[in-house]
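To start, the structure under review is shown below, and the notes come after it.
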Amino acid sequence: MPGGNLHDMVQNFLDAVDRVVVGKREQSRIILAAWLAEGHVLLEDVPGVAKTRLARTFAQLTNLSFARVQGTPDLLPQDITGGAIYDLKTGQWQFRPGPVFHHILLVDEINRTSPRTQAALLECMEERQVTQDGISHPLPAPFLVVATQNPIEMEGTFPLPEAELDRFLVSLSLGYPSATEERTLVQAFSQRDPLPQLGVVLDAEQLRALSEAAKSVNIGEATLDYLVDLCRASREHPAIRLGVSPRTTVRFAQLLRAYALLLGRDFVTPDDVKALAPYVFSHRLVLSQTAVVSHRQSRAVVEELLNTVPVPVERVP
């Protein structure tokens, strides 16, 4: 566990997010954990529930660069990654970086972009670089892609392929606020937007320190066995045609370590696995044809997995 001061900064970070995106503390914690685990986030929600604002808030509180790309069918790969521009002065082609060369990239309505443009993000998200004319250009670190999808409007969209979905460590929705939270939201924005007033709470160096500290968080043998059993069970469930990959198992473990760290612990519990499994599994599972015809949802199937695989009882370190 990092020093108490650093842990206090994490709590201050989440408190500051609460001032702008009211009532979404757990979602903010999961997104921050994914970032520390070097993962990316897919937000599936209706318009107007602060998806863009949440990404902007993360950038504001960390003083890191932010870029937003609106997904449209005519969006080209180079509109995101950048491309070669001919310089008339030098008579040479020069690489001009695109919006992906920011610490936080928000891709709004990613499923409205063409498969070719979606594929351009694969190297960025996995290799953290852009290759142009055989030359690799590294992306800034830390790097986070937050992509959004509207689950209601599906007309004119291009569903993300499994390879693309697997690059997102977690998928989640913010949902509508409660009546009390919505009232608080109206009061908070009654005079002026609180976002520009927020200062830096976690800088890049502190984020790196947290990320390194997360790697030393312990996963006990029983909890590790439970994690592996749960991932393997997803490949054997009759309602699932394609379960999670071994790569997912490894990335899930990294997420669990970061999540436990943000909760102030230096160990992972089976309850952490149960809490995060829906966010890691749901967008990766490919349901069987029978399940699809029966209108079964991925989240419901994940709950079945969690109810099927025995939860170990592990002694707290």
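The values are calculated or read from the model by the stated rules, or taken from the named source; none is laboratory data. Quantities reported herein were computed from a predicted structural model and do not represent experimental measurements. No Cβ is skipped: glycine too gets one built from the backbone with ideal geometry, and neighbour counts run over all protein chains shown.
Residue under question is ARG116, and the condition is that it be at pLDDT 90 or above, over 25 Å from LEU276 (Cα atoms) and touching a Gly at 6+ places or on another chain (Cβ under 9 Å); does it hold? Steps first, please.
Working: at pLDDT 90 or above: yes; over 25 Å from LEU276 (Cα atoms): yes; touching a Gly at 6+ places or on another chain (Cβ under 9 Å): no.
The answer is no for ARG116.
Could you tell me whether LEU256 is within 21 Å of the chain's Cα centre (by Cα), surrounded by 19 or more Cβ atoms within 10 Å (Cβ to Cβ) and either farther than 23 Å from GLN297 by Cβ or touching a residue at least 24 places away in the same chain (Cβ under 8 Å) (or both)?
Working: within 21 Å of the chain's Cα centre (by Cα): yes; surrounded by 19 or more Cβ atoms within 10 Å (Cβ to Cβ): yes; either farther than 23 Å from GLN297 by Cβ or touching a residue at least 24 places away in the same chain (Cβ under 8 Å) (or both): yes.
Yes; evaluated as a whole, the condition is true for this residue.
Before we move on, is LEU224 assigned to a helix (DSSP H, G or I), modelled with pLDDT of 95 or more and among the hydrophobic types (A, V, I, L, M, F, W, C)?
On the way: assigned to a helix (DSSP H, G or I): yes; modelled with pLDDT of 95 or more: yes; among the hydrophobic types (A, V, I, L, M, F, W, C): yes.
So LEU224 passes the test.
Scan the range 179-202 and give yes if some residue there is under 30 Å from ARG299 (Cβ atoms), touching a Gly at 6+ places or on another chain (Cβ under 7 Å) and in the same structural domain as LEU61 (by TED's automatic domain parsing), otherwise no.
Narrowing the range 179-202 to residues under 30 Å from ARG299 (Cβ atoms): 179-185.
Checking the rest, the ones that are also touching a Gly at 6+ places or on another chain (Cβ under 7 Å) come to 181.
Filter once more, keeping what is in the same structural domain as LEU61 (by TED's automatic domain parsing): 181.
Yes: the range 179-202 contains one or more residues that are under 30 Å from ARG299 (Cβ atoms), touching a Gly at 6+ places or on another chain (Cβ under 7 Å) and in the same structural domain as LEU61 (by TED's automatic domain parsing).
Is there a residue in the range 77-96 that is under 15 Å from the mean Cα position of the chain (by Cα) and surrounded by 18 or more Cβ atoms within 10 Å (Cβ to Cβ)? Can you show your working first?
Restricting attention to the range 77-96, the residues satisfying the condition of being under 15 Å from the mean Cα position of the chain (by Cα) are none.
No, because not a single residue in the range 77-96 is under 15 Å from the mean Cα position of the chain (by Cα) and surrounded by 18 or more Cβ atoms within 10 Å (Cβ to Cβ).
Check off (1) in contact with a Pro (Cβ under 8 Å, 6 or more places away or on another chain); (2) at pLDDT 90 or above; (3) closer than 25 Å to VAL244 by Cα for ARG208 and give me the number that stays unchecked.
(3)
Of all helices (runs of 4 or more DSSP H) completely enclosed by the range 21-111, which ones contain at least 3 residues that are of a type in the set (Lys, Arg) and touching a residue at least 60 places away in the same chain (Cβ under 8 Å)? Spell out the reasoning first.
Working: elements: 25-36, 51-62, 78-81.
Here the list reads 51-62.
Among (1) farther than 22 Å from ALA37 by Cα; (2) touching a Phe, Trp or Tyr at 6+ places or on another chain (Cβ under 6 Å), where does ASN218 come up short?
Checking ASN218 against (1) farther than 22 Å from ALA37 by Cα; (2) touching a Phe, Trp or Tyr at 6+ places or on another chain (Cβ under 6 Å), the one that fails is (1).
Scan the range 185-218 for residues that are more than 25 Å from PHE143 (Cβ to Cβ) and in contact with a strand residue (DSSP E or B) (Cβ under 8 Å, 6 or more places away or on another chain) and jot them down.
In the first step, residues of the range 185-218 are kept if they are more than 25 Å from PHE143 (Cβ to Cβ); the result is 185-194, 197, 218.
Passing the criteria: only ASN218.
Tell me which residues, restricted to the range 113-132, are in contact with a strand residue (DSSP E or B) (Cβ under 8 Å, 6 or more places away or on another chain), assigned to a loop (DSSP other than H, G, I, E, B) and surrounded by fewer than 21 Cβ atoms within 10 Å (Cβ to Cβ).
ARG128
Condition check: of a type in the set (Gly, Ala, Ser), modelled with pLDDT of 95 or more and over 21 Å from LEU165 (Cα atoms). Does ALA260 satisfy that? Can you show your working first?
Details: of a type in the set (Gly, Ala, Ser): yes; modelled with pLDDT of 95 or more: yes; over 21 Å from LEU165 (Cα atoms): yes.
So ALA260 passes the test.
Right, VAL301: under 22 Å from the mean Cα position of the chain (by Cα), of a type in the set (Val, Ile, Thr) and over 22 Å from GLU164 (Cβ atoms) or not?
On the way: under 22 Å from the mean Cα position of the chain (by Cα): yes; of a type in the set (Val, Ile, Thr): yes; over 22 Å from GLU164 (Cβ atoms): no.
For VAL301, the condition - under 22 Å from the mean Cα position of the chain (by Cα), of a type in the set (Val, Ile, Thr) and over 22 Å from GLU164 (Cβ atoms) - is not met.
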